[in-house]
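Taking it in order: structure first as structure tokens, then the write-up.
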Amino acid sequence: MLENLIRSLAEKTILILGFGKEGIDTYLALRELFPDKVFSIADKKTLGEFDIRTQKILLKDKNLEVFLGKDYLAKIGEYELIIKTPGISLEKLGFGFAVEARFLRSPKTELQQLGFEKLTSQTEIFFDNFQGIVVGVTGTKGKGTTASLIYEILKTGGFKVFLGGNIGKPVLQYLLKSKPDDIFVYELSSHQLQNLKKSPQIAVFLNLFQDHLDYYKNFKEYQKAKANIAKHQTEDDYLIFNSQDEEVKQVAIKSKAVKIPFSLKTPLTLFERSLKKCYQLKGDFNFLNLRAALKVAEIFKVKPEAIKRAVKSFKGLPHRLEFVGKFKGVEFYDNSMATVPQTTILDLQTFNGKPISLIVGGSDKGSNYKDLAKEISKTSVENLIVLGQGTGQEIIGALKRTRFLRGTKEPSSFEASSMQEAVKICYEETPKNGVCLLSPASASFNLFKDYKDRGEQFKKYVKKT
């Protein structure tokens, strides 16, 4: 299979579009295959905006053509193969490809007419050339936790298993070393699934609700991208799906794969009861993730004692409802990954009954906050801390309308221009035995580099104050 990959790339002019973590991995893998071949890189950043390591790569390699800054797309039409980073939207690239606005209305047709079947991605190259079994995991939320849990269970069970994808571990350098008996647990974002022409042998579909509407033109396009996890499966494949999620069920109905449902409605087995006692992650939604992982374990016939060891030791991922600690009588939780309202709603249900100080707000992803406002009005939120300018004002507006209609008392509202100020308010206003919850229901780009930066600042000031 690797020989096929080498043959397919050897004679083509190649552009790596986007030079973040995945783009760098693509470059290093290609350079390993072709030490002297000329490659090109295009990125909207200027050289000075990259870290020192990346700058050295861009400056040191003499067989590298580099297009940076505002004109980074100027030469894009001259290449025979373009390996695109998932975060670069096809919609936004339309005019960069120097095509008319009609391209935006039917991108697939226009791409094919213009020869842009040459557009590919790391994920597509991986799926075309990996010889082992892929366990693909997607969902609007929970996919990182579930993929990691599946990986830990299979590893503890003695399988040769690897974890990568959207979780922050690019895959092409791994692909060069992979073996036919490998199992790869691949966390798949909608961006990675978009235009994918193969589906994993084992697909796990957790949930589907509005997200990334700053990237897709509407929810239908987002749904379509997510559905690719099952679209190309065969009768020999497996689809593990959340039967409580209506959107996910619609995807499952169309799949040819063996369908394996999971939900919270199914009564617990004795084994699941024992697992629930040692499972460290809070919330029903996290137990739902565990149930999905257990279905994968069943397919591979992992022994119960191995499953229990893996589940007992699994502490979850950073910034996913992570317990920071109890300080001055208040419990602090970091769910900076809560970038959509539905996740924050689930968080509030987890802690309902305790006095909650909720930190919300950030940059917009096209979300609607009406349901979140209703949930705040029904749960024990006493303080609402709005972080910076952005969606926080929308959430307060939705809450005022909800409170007025319901005739109930609003929580106290505070504005914070920094994470340090938000944490300070939490310490001052949260009653003892209460919870301070960072669950912003929004993206992070109003004040922070990304969700990790937001979560790390939260933990830093919680421990420092």
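Positive end of the charge dipole of the chain (Lys, Arg +1 and Asp, Glu -1 on Cβ, about the Cα centre): tell me which of Phe271, His212, Val324 has its Cα farthest that way. Checking the options against the dipole of the chain, the answer is Phe271. For the chain, Cys278 have no disulfide-compatible partner, since no other Cys C-beta lies under 4.7 Å from theirs. About the centre of its Cα atoms, the chain shows a dipole size close to 1240 debye [charges on the beta carbon of Lys, Arg (+1) and Asp, Glu (-1) only; nearest 20 debye].
The helix-only estimate of mean residue ellipticity at 222 nm for the chain, built from DSSP H runs of length n ≥ 4 each weighted as -39500 (n - 2.57), is -12500 deg cm²/dmol after division by the residue total.
The long axis of helix 21-33 is offset from the longest Cα principal axis of the chain by roughly 30 degrees. Beyond a 20 Å Cα-Cα separation, which of these cross-linked pairs lie in this structure: Lys37/Lys198; Lys179/Lys226; Lys45/Lys75? From Lys37/Lys198; Lys179/Lys226; Lys45/Lys75, over 20 Å: Lys37/Lys198; Lys179/Lys226.
Note on the chain: Rg/Rh from Cα positions, Kirkwood definition for Rh, rounded to two decimals, is 0.98.
The alpha carbon centroids of segment 297-317 and segment 197-227 are separated by 27 Å.
Semi-axes of the equivalent ellipsoid for segment 123-313, computed as √(5λ) from the eigenvalues of its C-alpha gyration tensor and ordered from largest down, come to 24, 21, 15 Å. Listed cross-link partners Lys56/Lys464; Lys169/Lys282; Lys315/Lys432; Lys62/Lys231; Lys315/Lys464; Lys220/Lys370 are compared with a 31 Å cut-off, the Cα-Cα value being larger for Lys56/Lys464; Lys62/Lys231. Taking a ≥ b ≥ c as the square roots of the eigenvalues of the alpha-carbon gyration tensor, segment 2-88 is classed prolate because a/c is 1.5 or more and a/b outweighs b/c.
If neighbour count is taken as other Cβ atoms inside 10 Å, put Glu11, Glu375 in order from fewest to most.
Ascending Cβ contact count within 10 Å gives the list Glu11, Glu375.
With respect to the cross-link table entries Lys277/Lys374; Lys400/Lys449; Lys141/Lys249; Lys365/Lys463, which display a Cα-Cα separation exceeding 20 Å? Lys277/Lys374; Lys400/Lys449; Lys365/Lys463, as the Cα separations exceed 20 Å there. Neighbour counting of Cβ atoms within 10 Å sorts the residues Thr156, Thr379, Thr269, Thr145, fewest neighbours leading, into Thr269, Thr379, Thr156, Thr145.
Straight Cα distances below 12 angstrom link Lys160 to the aspartates and glutamates Glu152, Asp181, Asp182, with same-chain residues fewer than 8 positions distant left out.
By the count of other C-beta atoms within 10 Å, a proxy for reagent exposure, Leu294, Leu399 are ordered fewest to most as Leu294, Leu399.
Placing unit charges on the Cβ atoms only, positive for Lys and Arg and negative for Asp and Glu, gives segment 2-88 a dipole magnitude near 200 debye about its Cα centre.
The calculated P(r) of segment 322-464, using every Cα pair and 5 Å bins from 0, goes 2, 12, 23, 26, 22, 12, 4, 1, 0 in percent. Considering only alpha-carbon pairs that sit under 8 angstrom and 6 or more positions apart, the relative contact order computed for the chain is 12 percent.
For segment 288-349, dividing the convex hull volume of the Cα atoms by the residue count gives 119 Å³ per residue. Ranking Gly142, Leu196, Gly77 by how far each Cα lies toward the positive end of the dipole of the chain (charges on Cβ) leaves Gly142 at the top. Measuring from centroid to centroid over Cα atoms, what is the spacing of segment 436-464 and segment 352-416 in Å? So the two Cα centres are separated by 17 Å.
Readers should treat all values here as calculations from the given coordinates under stated rules, not as data from a laboratory. Because the structure is a prediction, the values reported are computed rather than measured. FYI the Cβ positions are ideal-geometry reconstructions off the backbone, even for glycines, and counts take in every protein chain you see.
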